[in-house]
Structures are given as C-alpha cells and as structure tokens.
Amino acid sequence: MNIKISHLSYTYAMNQPFQYEALTDINASIKSNDFIAIIGQTGSGKSTLIQNLNGLLIPTMGKVEVDEFVIQKKVKLKNIKQLRKKIGIVFQFPEYQLFEENVEKDILFGPKNFGFSEEQLNGLAKKSLEIVGLDETFLKKSPFELSGGEKRRVAIAGILAFDPEILIVDEPTAGLDPQTANKIMELFNHLHKVQKKTIILVTHQMDDVLKYANHVLALKNGKLEAYTTPIKLFMDDKLMQHLQVEAPILLKIAVEIKKKYPAFNISKVRDIDSFVQQLKDVI
Ligand SMILES: Nc1ncnc2c1ncn2[C@@H]1O[C@H](COP(=O)(O)OP(=O)(O)O)[C@@H](O)[C@H]1O
Ligand SMILES: [Mg+2]
C-alpha cells in the first residue's frame, strides 16, 4: 500500500482558546515496503502525523490517501475498519494501548474486532507473543504487572496479531535497556526484510535511523524540513544544525577517516560491521 500525504495541516482544539497548529502543509509519499524514520524534536508533530495516516485524526486541511482510502475532512471515510487493519500503530505510550484484564485478551482484541474466526484466533495470542520474544506464561498476566519493556512487546504483539501491511511504531525503544531495544529493532527489520512490511518508525535514535531506515522524514515545528536518505541528511551539517539533531558518532568518525583515506565509502556505513568492512577495504 502506498501512502500519499497532500497539503496536510492539523490543528488541535480548533476555534478554542488553546488552538494549536501541530502540522502545516505536509506533502510526502511513502512507498509500499519502504522503511521510513520520522524524526524531530519533542513537540515537532511526529505523533500527530502518524495518527493522521489511519484516520485516528482527520486532517484539518489537505488529505491522506492510502491506496483507495481517502482521509479528508467532510468526506466520509469508507471502510475505516479495513484501513485500520492494514495500518497498525503501536503508540508512544503502550500503557494507553493495553486495557484488557489479561495479555491474551489484549492481544486478541484487534483480531476479534476485525472479525477473525475462532479458528484464526486459536493459538494466535501465543504465536504473537513468541514473535516478540515472550513465552506463553504471559498470556494470563495482567498488563499492569508487566515491566515497561514487556508492555511494549505486548502492545506490538497485539498489532502484529492482525497482520497489518503497514506497521507504524512511535518511539518503540524509548526508555528500554539497549539489549531489549536492539531486539525490538531487529524484529522490525525482520518484518520489513522477510515479511515485506512497510515500517514507519518514529524515533530519536539516530543510530537506528542510519542502520535500518531507507528514508528519513524530518519535522520541525510541524513543518516538513527534509525527506531524504539518512546518509544525505546526516552529512548535511546546515540542515542538521537547523533540525538540532546529532549525527551518529560512527558517521562523524567516518568523515574523519575519509580525510586520510579518500577511498573510504561513507555511504556504505550503516552500523559497526559495515564501518569495519569499509575500513578493511581502504587500509
Ligand atoms: N491533544 C492535544 N491537544 C492540544 N495540543 C496537542 C495535543 N496533542 C499534541 N498537541 C501539541 O501538538 C504538538 C505536536 O505534538 P506531537 O505530535 O505529540 O509531537 P511529537 O510526537 O513530535 O513529540 C505539540 O506542541 C503538542 O503539545
Ligand atoms: Mg510523540
């Protein structure tokens, strides 16, 4: 499924004292099977943007098209349920997503809502938990007795359970220990590479942007300031300064190495392994 965002603006509390324009005239297309990172400082409009992609919020101006679905003010959105089945969102704060009395019910909430049959539901919660690295002992636990990392995983499992084509994850690794964060990022990478899902990742982790994303969309004060490849963004000092974002340290080192070894190919650096490979090739 392709997403086309045209002249999207979004204002909270329209015509009220606290009226606030969170997004202004955003234009962007997201192709099927891409891995996109959305970056920008807190308050730049990232969460607002993703909620406009599946009709949770309706654009104040402009529109969002997802294949045949059109999300636009005053135009009744047909088959919103189908749209929501195709675009799964894991929210920034998973505790807002978990509300059933136990993990199993929570995970099956989406699939049931989308009309999965008893046969399809059978074993689905257990299978979804396995994908996110939790065993079946979690099925009967209350969401409230889980750690932060476990809550995230259960929230992700609940979305994966109905197998959306597009997976949107809002700061999924914030506040997690590095090991758990890595595992979760590898899971998204796997879903992207093996299951061919479109991934839209909201993040502050520039190392993850470099390693996993094909494209990066940068917001500042609700405006789209850049939509390019991670490497192009990170190498653009002026833009980086404007966005007040720090490039991954690995790239900074790569730039220094290139000064001495011009053959060093910075554009192939995505993580430690590819960095070391480039280094071996030139020295
Ligand atoms: N429900 C709301 N009512 C009013 N303003 C909001 C609401 N949600 C978010 N905002 C404001 O909109 C702006 C963008 O918020 P958000 O999309 O959550 O940013 P980000 O996810 O990049 O941190 C912020 O200034 C925020 O305070
Ligand atoms: Mg947010």
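What follows draws every value from the coordinates through simple rules; no lab data is involved. Keep in mind it's a predicted model, so treat the numbers as computed, not measured. Neighbour counts run over all protein chains shown; Cβ positions are idealised from the backbone, glycine included.
Structure data summary
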{"read-out": "Net +/- balance of residues flanking Asn27 in space, Cβ distance below 13 Å, scoring K and R +1, D and E -1", "value": "0"}
{"read-out": "For the range 241-251, Karplus couplings with θ = phi - 60° (6.51, -1.76, 1.60), whole Hz, Gly/Pro x", "value": "5, 4, 7, 6, 10, 9, 5, x, 4, 4, 6"}
{"read-out": "Among the listed pairs Lys31/Lys86; Lys232/Lys252; Lys193/Lys232; Lys126/Lys151; Lys85/Lys151; Lys112/Lys183, those beyond 18 Å (Cα-Cα)", "value": "Lys193/Lys232; Lys85/Lys151; Lys112/Lys183"}
{"read-out": "Order by protection proxy (mean Cβ within 10 Å, highest first), peptides 268-280, 35-47", "value": "35-47, 268-280"}
{"read-out": "Long-range HN-HN contacts of Gly62 with modeled amide H, under 5 Å", "value": "Ser9"}
{"read-out": "Magnitude of the charge dipole, the range 14-91, Cβ model with Lys/Arg +1 and Asp/Glu -1, debye to 20", "value": "400"}
{"read-out": "Angle in degrees between helix 272-282 and the longest Cα principal axis of the chain, rounded to the nearest 10", "value": "30"}
{"read-out": "Enclosed volume per residue, in Å³, of the convex hull spanned by Cα atoms of the range 237-283", "value": "71"}
{"read-out": "The range 42-103, Rg to Rh (Cα coordinates; Rh as Kirkwood inverse mean 1/r)", "value": "1.02"}
{"read-out": "Kirkwood Rh and Cα Rg combined as Rg over Rh, evaluated for the range 1-100", "value": "0.96"}
{"read-out": "Equivalent ellipsoid semi-axes - Cα gyration tensor, the chain, angstrom", "value": "32, 26, 17"}
{"read-out": "Evaluated over the range 42-195, the Cα radius of gyration and Dmax, each in Å", "value": "15.9, 47"}
{"read-out": "Sequence-distant residues sharing a close amide H with Leu23 (under 5 Å, placed H)", "value": "Tyr10"}
{"read-out": "Tilt relative to the chain, helix 103-113 - C-alpha long axis, 0 to 90 degrees, to 10", "value": "80"}
{"read-out": "Magnitude of the charge dipole, the chain, Cβ model with Lys/Arg +1 and Asp/Glu -1, debye to 20", "value": "820"}
{"read-out": "Derived scalar couplings ³J(HN,Hα) [the range 74-85; Karplus, 6.51 cos²θ - 1.76 cosθ + 1.60; whole Hz; x for Gly, Pro]", "value": "6, 10, 5, 7, 7, 6, 4, 4, 4, 4, 5, 6"}
{"read-out": "Angle in degrees between helix 148-160 and the longest Cα principal axis of the chain, rounded to the nearest 10", "value": "70"}
{"read-out": "Selection of trypsin sites (Lys or Arg not before Pro), the range 170-224, meeting DSSP coil and at most 11 other Cβ within 10 Å", "value": "Lys196"}
{"read-out": "Residue-averaged [θ]222 nm for the chain, counting only DSSP H segments that reach four residues, each worth -39500 (n - 2.57)", "value": "-11000 deg cm²/dmol"}
{"read-out": "Calculated from backbone phi, Karplus (6.51, -1.76, 1.60) coupling profile of the range 176-192 in Hz, x at Gly/Pro", "value": "8, 5, x, 5, 5, 4, 4, 4, 5, 5, 5, 4, 5, 4, 5, 4, 6"}
